[in-house]
Amino acid sequence: MEKIDLDAVAREPNQGHTSKGDQPKWQWQGKWYKADYMGYEALSEVLISRLLKQSNVSGFVEYGPVWIRYRGKELSGCVSDNFRDRDEMLVPLERLHRAYNGRGLAETLGKMREPKERIRYTTEFLERTTGLKRAGEYLTLLLELDAFFLNEDRHTNNLAVIRNEKTMEFRFCPVFDNGLALLSDLNDYSLDQDIYDCIGHVHAKPFSGNFDEQVDAAEKLYGMQLHFSFSQKDVSRELEFAGELYDEKICRRVEQVVFERMRKYRLYFKGKNF
């Protein structure tokens, strides 16, 4: 297990975008380091990126587990490469919408009644302002992943594109920032709670509070995008790393949650024998 001393590295300032606070983050030598803050966010990041290797998702950030030494503490965390080039900037859709329309995207979506209307509006705005194509398919894939992995942090500041500041050209972000998934927030979803009760209390973002409702709306507009090819044995194998960082009870809960999501969303495993 990699260990990194970040005492001499300044922490990245908190952005204040998430309703649950920000993980401690550091950028150093072309890599991003994130420490657990609410529970086991790093476990979620690493496991999800490993499972995405057995999917049709072509662009995603790969995370690895790491021990972080910082100010006398040893913190469980994860590390990834910086996916932006030197001249590129991450532009949240919330900020992009405000720049073009004078108010944030979340405020505008809040005035619309149906998830389908909100998704269509966001897609058309994104394609119109960035010149990117197939934005609907891209958003649908993100919503499908969020539903499967129970990512509760896909607010409008966590939907973003990448802009080259020299050419002013845009590209889609790879899939990243899945830390608040798989019931990783132990403040809200303690290990003593039944996982089905916990799952029932997870709220989706940003087009509906219900995962299935916003996925159904997106898929009716742009079709199903996601396909997995991993098995339960693959999940158990990919989780083996977590034993060096986390309590066995956490590892088993994460395994149980993924198995339950596989059962619920069998349509993403067409022809796959679990």
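Miscellaneous remarks
- Only a single criterion out of (1) open to solvent by 10 Å² or more (accessible area, probe 1.4 Å); (2) under 29 Å from G64 (Cβ atoms); (3) of a type in the set (G, A, S) is not satisfied by G179, namely (1).
- Among residues of the stretch 175-191 that are under 15 Å from L142 (Cα atoms) and touching a residue at least 24 places away in the same chain (Cβ under 8 Å), those with a beta-carbon under 6 Å from a residue that is part of a strand (DSSP E or B) and open to solvent by 10 Å² or more (accessible area, probe 1.4 Å) at least six positions away or on a different chain give the pairs V175/F60.
- All positions within the stretch 46-64 that are of a type outside the set (K, R) and over 12 Å from F241 (Cβ atoms): I48, L51, L52, Q54, S55, N56, V57, S58, G59, F60, V61, E62
- Residue, nearest to G59 (Cα to Cα), within the stretch 112-130, restricted to residues that are open to solvent by 50 Å² or more (accessible area, probe 1.4 Å) and part of a loop (DSSP other than H, G, I, E, B): E114
- Scope the stretch 13-38; condition open to solvent by 20 Å² or more (accessible area, probe 1.4 Å), modelled with pLDDT of 90 or more, out of contact with any helix residue (DSSP H, G or I) (no Cβ under 7 Å at 6 or more places or on another chain) and within 24 Å of F149 (Cβ to Cβ); matching residues: K25, K31, W32, Y37, M38
- Remark: E152 falls outside the filter, which requires a residue to be in contact (Cβ under 8 Å) with a residue 24 or more places away in the chain and assigned to a helix (DSSP H, G or I).
- Residues in the stretch 222-236 that are assigned to a helix (DSSP H, G or I) and either modelled with pLDDT under 95 or loosely packed, with under 13 Cβ neighbours inside 10 Å (or both): K233 only.
- Lone qualifier among A135, A99 - being open to solvent by 10 Å² or more (accessible area, probe 1.4 Å) and of a type in the set (G, A, S): A99
- Scanning the stretch 243-258 for residues that are open to solvent by 50 Å² or more (accessible area, probe 1.4 Å) and either in a loop (DSSP other than H, G, I, E, B) or at pLDDT 95 or above (or both) returns D247, E248, K249, R252, Q256.
- Taking the criterion of being open to solvent by 80 Å² or more (accessible area, probe 1.4 Å) and within 27 Å of G110 (Cα to Cα), the residues of the stretch 189-209 that qualify are H201, H203.
- The one condition in (1) open to solvent by less than 10 Å² (accessible area, probe 1.4 Å); (2) under 15 Å from L150 (Cβ atoms) that L239 fails to fulfil: (2)
The values are calculated or read from the model by the stated rules, or taken from the named source; none is laboratory data. The model shown is predicted, which means the values in this text are computed figures rather than measured ones. Cβ: placed from backbone, ideal geometry, glycine included. Neighbour counts: every protein chain shown. What goes into the accessible areas is simple: the full protein's heavy atoms, side chains included, and nothing from ligands, DNA or RNA. Shrake-Rupley method; radii C 1.70, N 1.55, O 1.52, S 1.80 Å.
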